[in-house]
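The values are calculated or read from the model by the stated rules, or taken from the named source; none is laboratory data. Nothing here was measured: the structure is a model prediction, and the numbers come from that model. When we count neighbours, we look across all protein chains shown, and the Cβ atoms used for this are built from the backbone with ideal geometry, even at glycine. For accessibility, only protein heavy atoms count, side chains too; no ligands or nucleic acids. Shrake-Rupley method; radii C 1.70, N 1.55, O 1.52, S 1.80 Å.
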Amino acid sequence: MTALDVLGPRLPSPLREVRDDRFERHGVRLLLKRDDLVHPELIGNKWRKLAPNLLAAAGRPVVTFGGAYSNHLRATAAAGRLLGLRTVGVVRGHELAGRPLNPSLARCAADGMRLHFVDRATYRRKTEPATLATLLRTCDAEDAYVVPEGGSNAAAVRACRDLGAELGARADVVAVACGTGGTLAGLAAGLAPGRRALGVPVLKGGFLDGDIRRLQEAAFGGPRGEWRLDDRFHFGGYARVSPALDAFAADFERRHGVPVERLYVAKALYALLALTEEGAFPRGTTLAAVVTGRPFPEGSSD
């Protein structure tokens with residue numbers, strides 16, 4: 001038992017089939033990997049990626065990074081409260097410092113996270129040693145354990161391999177929405193031979209392919225598993241939700257009674273349906289979508 005086991009994660013997370021005529025008419029089954037049920041506050045891939053980093057922190061303060069609506073920042077703040085760790089969140093956007101906190105950042109602050117706002121140019125250089133050292137001094141956290149944006153590092157990728165192992169050969173194609181790519185890098189490594197992972201980037205830019213390869217190199221020493229990205233379903237970029245995507249998610253909720261988080265999960269589900277309707281999957285294919293989170297605030301589709 002580790003120090004984190006006292007938090008009672010539900011692992012492996014449930015795997016549920018949903019009957020959906022839009023998939024069934026093409027001879028395709030759809031499974032939902034309910035990682036949103038792993039823990040009530042450290043949800044889904046946030047648990048999987050944070051757990052090894054929290055253990056490595058060994059009680060030291062934790063400094064991490066994110067935008068104004070970062071799920072990762074909220075999860076890290078919650079972990080700090082639950083485990084009695086000091087947390088600092090370096091937030092992209094110095095202009096936010098003088099404004100009322102949005103609900104996401106307010107939750108971070110309520111959980112005890114100290115927020116430090118930086119300009120976007122500095123934020124882009126946050127991994128450079130000199131910039132990072134200055135940030136840590138400014139935050140009075142020079143002894144801190146640093147977790148990268150999104151929680152994606154070699155330790156996190158190795159932990160996400162368990163997600164693929166839990167699925168094993170239960171699905172032919174497993175889709176996950178991607179921010180920093182760490183979950184996909186680990187998921188692909190854990191899947192059974194002949195199964196593949198599909199990453200649905202939620203940001204524009206087409207940069208994730210190289211990032212995922214670097215993460216697998218750092219975690220495993222080289223490529224692992226079969227995976228690919230489809231960049232068509234970001235709906236304008238991070239935190240962008242079009243009326244069409246919102247309507248799709250609301251309809252999926254009504255059909256299946258599953259809350260659909262809009263910034264990540266809805267985009268992965270939408271991608272699977274679009275690809276199914278394009279004929280991308282042969283009849284008899286079993287698909288799985290990783291449900292990595294829940295709407296925030298709870299019960300909201302915002």
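Tell me the Kirkwood radius of the range 126-193: reciprocal of the mean inverse pair distance over distinct alpha-carbon atoms, in Å. Averaging 1/r across every pair of different Cα atoms and inverting gives 13.7 Å. Using the average count of surrounding beta-carbon atoms within 10 Å as a protection proxy, the listed peptides 254-261, 236-243 rank, highest first, as 254-261, 236-243. In a Gaussian network model over the chain where Cα atoms closer than 10 Å are linked, find which of 90, 63, 118 has the largest mean-square fluctuation. Comparing 90, 63, 118 in the GNM, the peak value goes to 118. When the P(r) of the range 77-143 is calculated, the portion above 17 Å amounts to 45% of the C-alpha pairs. Of all DSSP bridge pairs formed entirely within the chain, close to 10 percent run antiparallel. Over the chain, the ratio between the Cα radius of gyration and 2.2 N^0.38 Å evaluates to 0.97.
Protection proxy ranking, highest mean first, for peptides 48-57, 206-215: 48-57, 206-215, where packing is the per-residue count of other beta-carbon atoms within 10 Å, averaged.
A 1.4 Å probe run over the chain, with the rest of the protein chains in place, finds 42 Å² accessible per residue. Which log10 I(q)/I(0) values does the range 87-222 give at q = 0.12 Å⁻¹ under the Debye formula, counting every alpha carbon as one identical point scatterer? Result of the Debye calculation: -0.60. Subtracting the Cα-Cα distance of residue 196 and residue 142 from 0.36 nm times their residue separation leaves 15.3 nm of extension gain.
Using alpha carbons only, how many angstrom separate the centre of the range 154-220 from the centre of the range 253-284? With the range 154-220 and the range 253-284 each reduced to a Cα centre, they are spaced 18 Å. The slack between residue 94 and residue 207, meaning 0.36 nm per residue of separation minus the straight C-alpha distance, is 38.2 nm. Calculate the FRET efficiency for residue 122 and residue 101 from the Cβ-Cβ distance with a Förster distance of 22 Å, rounded to the nearest 0.05. According to the calculation, E is roughly 0.65. Every pair of different Cα atoms in the range 150-257 enters the Kirkwood calculation, which places the hydrodynamic radius at 14.4 Å. Relative protection proxy for 152-165, 123-136, from highest mean packing down: 152-165, 123-136 (other beta-carbon atoms within 10 angstrom).
Rounded to the nearest 500, the helix-only mean residue ellipticity at 222 nm of the chain stands at -11500 deg cm²/dmol, with each DSSP H run of n ≥ 4 adding -39,500 (n - 2.57). With Cα atoms as the point set, the range 41-104 shows a radius of gyration and Dmax of 12.1, 34 Å. Per residue, the average separation of C-alpha pairs within less than 8 Å and at least 6 apart gives the chain a relative contact order of 21 percent. Return the sequence-ordered ³J(HN,Hα) values of the range 239-252 in whole Hz as given by the Karplus equation 6.51 cos²θ - 1.76 cosθ + 1.60 applied to θ = phi - 60°, using x for Gly and Pro. Ordered by residue, 3J(HN,Hα) equals 6, 9, 10, 7, x, 5, 5, 5, 5, 4, 5, 5, 5, 4 Hz.
Annotation: the range 200-269 has a Kirkwood hydrodynamic radius of 13.6 angstrom, from the mean reciprocal C-alpha pair distance.
The count of lysine pairs in the chain whose Cα atoms are under 17 Å apart, excluding pairs fewer than 8 places apart on the same chain, comes to 4.
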